[in-house]
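A short worksheet on the structure shown next.
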Amino acid sequence: MEEWIQQAQVWAGQAESWVRQQPPEQIYVAAAVVAITILVLIAASCLKSSKPNTIVLSGLNGSGKTTLFYQLRDGSSHQGTVTSMEENSDTFVLHSEQERKGKVKPVHVVDVPGHARLKTKLDEFLPRAAGVIFVVDAQDFCRACKQLQTLSSCRYLYDILTKATVVKKRVPVLIFCNKTDKVTAHSKEFIRKQLEKEINKLRESRNALSSADISDEVKLGVPGEAFNFSQCQNKVTVSEGAGLTGNVSAIEEFIREYVKA
Amino acid sequence: MPDLNPSISQLIRLSKMLEELLIFTRGGLILWSSCQALGGAVLKGSPIDALIRSCLLEERSADASFSQDNYGLKWTFHNELGLVFVAVYQRILHLLYIDDLLAAVHKEFSQIYDPKRTDYYDFTDIFRQLHLEAEARAEVMKKFKQPIVSRPSQTLSHNKTAPKVRGGENTAGGNNKKGGSGKDEDSDGGSATFEGKENSQPCVVVKRKENGGPKDNNGAFDVNKLQNLRNKKKTVPTENRAKKTKPDIKKKVNRVWDDKPSNKKLDFTDPADERGDEVTDHVLVTQGESMMDKDENVSSDSEDEEEAQDAPKKKGWFSMFQSIAGNSVLEKSDLQPALKGLKDRLMTKNVVCRGNCRKLCESVAASLEGKKLGSFTRISSTVQTAMEEALLRILTPRRSIDILRDVQSAKERGRPYVIVFVGVNGVGKSTNLAKVAYWLLQHNLSVTLAACDTFRSGAVEQLRTHARRLQIPIFEKGYEKDPAVVAKEAIQDASRNKSDVVLVDTAGRMQDNEPLMRALSKLINLNNPDLVLFVGEALVGNDAVDQLTKFNQKLADLSSVPTARLIDGILLTKFDTIDDKVGAALSMVYISGAPVMFVGCGQSYTDLKKLNVKSIVKTLLK
């Protein structure tokens, strides 16, 4: 160990004397170049991180997120899907726009699993989201919302809408009613009204409880009035379509609106 | 071609037995399905989804098989590529070649897999071939195995197809016994293999490495320890009964815990007259805010620099460079020391080791095997991260644990929300019932207590005292009455009085006590409560597993309806008495699948908390 230290000291001495021998201007120029490079890198990374371009697909399990993901990417859902155990994340050009001439910016889409045990994965992706698509199963909606014990759609949506990151950054939310190709699917107006009603109830029960809120939650809407999606600070829209048949134009418009080409 | 016909007919015969072989990514996309490729009946129900939801996501992926309706399922993973291979067959048929076939399919498919491709129609031919080969091999094995079947403890360790045989593998013994009773057998390899076929799945291999023999100094599955366990079980019931008479012998010393203000008033006896009648003027007890509503701040920087001290890498310099360069693929042998270290750590934290610790570690190993190490990561840190994720997944509740919202929904339906507290003797049901009542009162809900513990002397008076201090109504019928009937009447009474919540206290009972369990089952079935809360103490050791499984089993068996009510939630008590040995929480949740809804951490009304999953995981792996 001693030898190493001595050797290092000798080298340091040699480097110092070499540096002293150079003319001062060169040293200043070198230092300036290094400083400018560092500044440029910092600026570039700052700029890059302030523009998130991730679209997050979320919703209960079984609502059709993975199908939609593959529809957006490849135009077909291939041979079917099963319950996702991990998220699907990919950066691609939307399938319908692949034929467009000119430069098309790829979007980064993340399909977060909807199973209750994997709910923590959503928190990983929400901070970087440019938009959230909340997929609702239009066919199964009534049953999903009324369940006392399971994490229903309404509660999930409420949790997303009250997350601090979503509200602060005004992340737009699209509520997509999936599976409208089925005969027993509800209309988007019905779903919208039901969601507003349930969220209103949740909001009121939360207000009626003690003032000790969970720190991450934000109060929704205007107190005293029935809850309406237009009261949210971030923009919330409702649309419908079907993943299996390829009717996903509403999603594509939403994506294009928020991730500029 | 003349010889094609027999193979087609053979294939048709085979395909009837193996219903489906499915290959899908972990993200959920189906890559190849034998049903769709070869034509065949679509599966009834959706067993694959059920498999994922109740097994793989519950960290039970090291189990040998899963069954749903009349389908049996077996699976294997390819962790590097993120693929899952599942075979579905009729459960009544014992197909010997499934594991073999899965291994072969695994190997072949990984060679043609490409992340960009999404259709693999060319795999159909390869699959047909593999299927025939596997069946042929199984036929040969069956003929060969006939004379050996008389020795059930030994098994075939030779196998033509799976090259990763470790010497002296003992698998058939594990079929019947749990928790090895033989000295030389690895009978708690646990995984039920089909008649001694070498299991190509990772789970069996793990245990063999560890149990060198009974005199191993890790002593995990020491025979002596297991015998002590059996003796301990016998003494537990007597201990519990003795516990009841103990408290009045102990001297009352003013106990001060770390960060609680000391209670000046020690004598809580109310100035009642000698007959114990109620004194009418009582001020409602307010002891401040219940800790359920306080937010716990978890420090987000969890950089713990502690290394796992016991990771003896005997491979030398080259392996170190390899791990830095990031090219090494994780092998079973690499994972062993790290997993063992983690398992020991978990065991010191009071996680039940008898089956679940091992299953959990195997499940984590199954999910890591074959993965490439990232550059600059050590094996122990990869294993640690994987284990943390697995623990987080287990402890994250599958259903909503927000009682308040459920109570609101029940309120709208116009009936009271009924919670039943069950558990063994002496865990703290009545105390914690009072704490829950206090918390609910703080949220402006009207609570009624139902004294259905009609057995233990003093139980009704205890509840009466609590009710008096909290100023809530109590429904009681005295002693020696049928608890189910008392509960029913209590609920009717509560709905007449427009009460929001009914808390039903039951007598403590041992899980082996058949008549008492029957009585409990009757109470639950008759009244159909909204929440069945199992009260368990955090001090409990291996008995936790037994308690929960037996309770659930009895509730399921003795119920008269097909969809039996099982335990919906867990209330963990006496949490303040364990410092960081928080493993009971993990064991209970893993066994029963029910989330921990409350944590009792003291004996006053405010000592009720929510379970902080992240801090528990951190404490477990510290």
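Table for the structure above
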{"quantity": "Value of relative contact order over region B:442-566, rounded to a whole percent, pairs C-alpha under 8 Å and six or more apart", "calculated": "26 percent"}
{"quantity": "In sequence order, calculated HN-Hα J values of region B:596-603 (Karplus, 6.51, -1.76, 1.60; Hz; x Gly/Pro)", "calculated": "7, 8, 9, 10, x, 10, x, 10"}
{"quantity": "5 angstrom amide H check on B:Gly72, placed H, neighbours 5+ away", "calculated": "B:Tyr89, B:Gln90, B:Arg91"}
{"quantity": "Theoretical FRET efficiency, 1/(1+(r/R0)^6), r = Cβ-Cβ of B:Val485 and A:Asn228, R0 45 Å, to 0.05", "calculated": "0.40"}
{"quantity": "Label point distance in nm, B:Thr385-B:Gln471, each placed 7 Å from Cα along Cα→Cβ", "calculated": "5.6 nm"}
{"quantity": "Pairwise FRET efficiency - B:Ser67 versus B:Glu139, Cβ, R0 = 25 Å, nearest 0.05", "calculated": "0.50"}
{"quantity": "Approximate spin-label separation B:Thr377-B:Asp114, in nm, with each point projected 7 Å along Cα-to-Cβ", "calculated": "2.7 nm"}
{"quantity": "Fully extended contour minus Cα-Cα distance, from B:Asp580 to B:Thr396, at 0.36 nm per residue", "calculated": "64.3 nm"}
{"quantity": "Links that overshoot a 27 Å alpha carbon limit, given the list A:Lys65/B:Lys340; A:Lys65/A:Lys188; A:Lys119/B:Lys371; B:Lys340/B:Lys614; B:Lys498/B:Lys614; B:Lys74/B:Lys581", "calculated": "A:Lys65/B:Lys340; B:Lys498/B:Lys614; B:Lys74/B:Lys581"}
{"quantity": "Accessible area of A:Val10 in the full protein assembly, 1.4 Å probe (Å², nearest 10)", "calculated": "80 Å²"}
{"quantity": "Estimated FRET transfer efficiency when R0 is 35 angstrom, pair B:Glu461-B:Thr619 (beta carbons, to 0.05)", "calculated": "0.35"}
{"quantity": "Shielding score for B:401-410, defined as the mean number of other chain Cβ atoms within 10 Å", "calculated": "4"}
{"quantity": "Distance from region B:402-460 to region B:342-372 (C-alpha centre basis), Å", "calculated": "36 Å"}
{"quantity": "Length added when fully stretched, B:Arg413-B:Asp512, from 0.36 nm per residue minus Cα-Cα", "calculated": "31.9 nm"}
{"quantity": "Shielding of A:117-129 by partner chains, average beta-carbon count, 10 Å", "calculated": "2"}
{"quantity": "Square roots of 5 times each gyration tensor eigenvalue, C-alpha, region A:2-48, largest first, Å", "calculated": "32, 18, 4"}
{"quantity": "Shielding score for B:385-396, defined as the mean number of other chain Cβ atoms within 10 Å", "calculated": "2"}
{"quantity": "Nitroxide proxy distance, nm - points 7 Å out along Cα→Cβ at B:Ala564 and B:Ser495", "calculated": "2.6 nm"}
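The values are calculated or read from the model by the stated rules, or taken from the named source; none is laboratory data. Predicted model only: the values in this text are computed from it and were never measured. Cβ atoms come from the backbone with ideal geometry, glycine included; neighbour counts cover every protein chain shown. These accessible areas exclude ligands, DNA and RNA; they are computed on the full protein's heavy atoms, side chains included. Shrake-Rupley method; radii C 1.70, N 1.55, O 1.52, S 1.80 Å.
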